[in-house]
Amino acid sequence: MGVQLPPFESTPIENISSTVDGLRQTFWSSKTRDVQFRIKQLRKLYWAIEDNKDLILEACKKDLGKGFFEAMIAEVAWVQNDIIFMTDNLEKWCKDESAPDIGLANKFMRPKIRKDPLGIVLVVGAFNFPIQLSFGPMIGAISGGNTVVLKPSENSPNSAAVMQKIMKESLDPDCYTCIQGSIPEMKVLLEEKWDKIFFTGSANVGKIITKAAAPNLTPVVLELGGRNPAIVTRKADMRLAARRLLWAKTMNAGQVCISQNYTLVDKEVLDSFVNELKAGLKEFFPNGPKASEDYGRMVNLGAFNRVKKMLDGTTGKIVAGGTMDADDLFIEPTVVVITDPEDSLMRDESFGPLLPVMGVDNLDQAIHIANQTHRTPLGVYAFGSKAETDKILASTTSGGASINDGMFHGTVGTLAFGGVGDSGSGSYRGKASFDCFVHHRSITHTPSWMDSLLAARYPPFAGTNKYEKLSGMLLKKPNFDRAGNTKLGWISWLFTLGTGGLFRGALRASLLVGVAVALRLLMDRRTMNGILPPVE
Ligand SMILES: NC(=O)c1ccc[n+]([C@@H]2O[C@H](COP(=O)([O-])OP(=O)(O)OC[C@H]3O[C@@H](n4cnc5c(N)ncnc54)[C@H](O)[C@@H]3O)[C@@H](O)[C@H]2O)c1
Ligand SMILES: CC1=C(/C=C/C(C)=C/C=C/C(C)=C/C=C/C=C(C)/C=C/C=C(C)/C=C/C=C(\C)C=O)C(C)(C)CCC1
């Protein structure tokens, strides 16, 4: 491509603390509170990304063998879209909101919600979508009015170096900085006091981050992984299910946190599903994935060996793919028919292009296996009739879910994204990115003139009727009885069907109509007798 990538250089450990301290001071100077300042910074970032697009594409190619389409759609254009969405909406989101559900008595105090910046935020990125998963949360943190330290993954070093260049060229260095490094640098970073840590990566490192945050009670957002199931029933469209799941598992050579880790297929349609997977592979990569510009590589030899070991350990049968080349970090998309829910391909998240497929007797068994394998995965992918996919959703839990597709929910840039349970906590993207990085601060303002009206709150209380005075105004009356049933007031009793079923409701409604007719007749008679003027 003819572009010169900047070198990856770890930040000298001795500089980290003073850099962080500088950003903390900036936050307290209130520089980043100004909304127009944030918008300008984000816009400058947009153009620096545009100007460095070729470097990003080259870095993604070098780090992960990412092709043009994937690098544009899931990295460059992804974060640029994000910036435009945030800058379009930021002024609106930053405005104080009037608080919901405030009773009349408290309305005078004008309760509102202010979107306060948190302070200094640490964003730790993962290697697989190096730009998206680093700049994405950082854009949220800037929008929220925080100062930010970004620590990209050292495992995508070229992308990390390009991000540092982009930040230096576009962002105010007193507010936003990139610190490069691996475990030693992270150790030093984690000794600092942060106002929030946003971490994307593995569950094991997530635990390290959470432990390090605990002494300061620092809030942590965790975007982790999971063993995500896909379930295909006999009522599903086999060709569609196969192509969509293949799409999800061949993107970035399977190094996608939300792609399915395994697929459970009704035994009756297992062969047909596998045949469609084979056909899909031929269609996606007519000359084979190795020769395709669109097919990525494992990030490094460690990742290659990990996936190889999983495949070596399977007791299943490889029915498509299976070739690999360590020198090229290439692993072919590999379909394996397995029979054991404890298979090596089920035990761990593969984070590679492996497609284990297991036959099941029925939907109940599929749901049981999915829940036994991982109770709280990042995603669930359901293919079947509406009743079946409804049942899958109702009987499982996951960070997100796509019906009739693999990981589609994760490709909607403005849809809140996050895990649940041990696949993560907290969410971001779209408006959620802003909310993730602000504190919703509740504020009231008590007018001075109200003091005499509010005087009942001041002691002394004993021997006065202050409680009685206030309770009439502040205490709510239950609209339910001791058995937990809803009690209806007489008005709603008359105007709705109320309790007691349709028959008694109809009786009440007819009673109401009868009373209305009787009243009307009475009024007509009184009008005729000259007691009342005629009704117009
Ligand atoms: N939920 C998501 O959005 C999401 C996105 C991408 C990846 N992931 C998950 O991340 C994992 C793969 O990504 P990864 O290999 O980059 O994750 P990782 O946990 O190895 O690394 C993530 C970050 O943590 C840092 N780190 C590594 N070891 C550390 C340590 N001992 N102490 C402190 N920091 C340390 C790294 O420098 C890197 O910046 C998979 O499990 C995948 O599912 C989740
Ligand atoms: C345009 C019209 C229509 C709509 C068309 C649509 C909706 C097309 C969608 C195409 C897609 C989804 C293309 C694929 C894009 C892939 C993307 C964005 C990949 C993203 C990857 C991500 C976010 C990875 C994340 C990884 C993580 C978090 C962890 O590892 C119609 C159909 C409505 C008709 C009118 C025209």
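A few points about this structure:
- Taking amide H atoms as placed 1.01 Å from N in the peptide plane, the amide H of ILE231 lies under 5 Å from those of LEU264, TYR381, ALA382, PHE383, each 5 or more residues away in sequence or on another chain.
- Prolate/oblate/rounded call for region 196-346, Cα gyration tensor, a/c under 1.5 rounded: prolate
- Which of GLY288, PHE273, ALA303, positive extreme of dipole for region 264-303 (C-beta unit charges): ALA303
- Summarising the amide proton neighbourhood of VAL360: residues at separation of 5 or more, or on other chains, whose placed amide H is nearer than 5 Å comprise VAL265, ASP266, LYS267.
- For the chain: rounded, prolate or oblate by the Cα gyration tensor [a/c cutoff 1.5]: oblate
- Under the Karplus curve 6.51 cos²θ - 1.76 cosθ + 1.60, θ = phi - 60°, whole-Hz ³J(HN,Hα) for region 280-291, x wherever Gly or Pro sits: x, 4, 5, 6, 5, 10, x, 9, x, x, 5, 8
- Rounded to the nearest whole Hz, the Karplus-based 3J(HN,Hα) values (6.51 cos²θ - 1.76 cosθ + 1.60, θ = phi - 60°) of region 422-434 follow the sequence 7, 9, x, 9, x, 9, 8, 5, x, 4, 4, 5, 5, with x at glycine and proline.
- Secondary-structure-derived ellipticity at 222 nm for the chain, considering helices only, amounts to -13000 deg cm²/dmol, per-run term -39500 (n - 2.57) for DSSP H runs with n ≥ 4.
- Percent antiparallel among DSSP beta bridges (both partners in region 268-362, rounded to 5): 50
- Within straight-line cross-link reach of LYS477, lysines at Cα separation under 21 Å, skipping those fewer than 8 residues along the same chain: LYS107, LYS466, LYS469, LYS487
- Furthest towards positive pole of dipole, GLY406, MET324, ALA387, structure part the chain, Cβ charges: ALA387
- Tensor-based shape of region 143-197 (alpha-carbon gyration tensor, a/c under 1.5 rounded, otherwise prolate or oblate): oblate
Each value in this text was obtained by applying a stated rule to the coordinates, not by laboratory testing. All values reported here derive from a predicted model rather than from experimental measurement. Every residue, glycine as well, gets a Cβ built from its backbone with ideal geometry; the counts of neighbours run over all protein chains shown.
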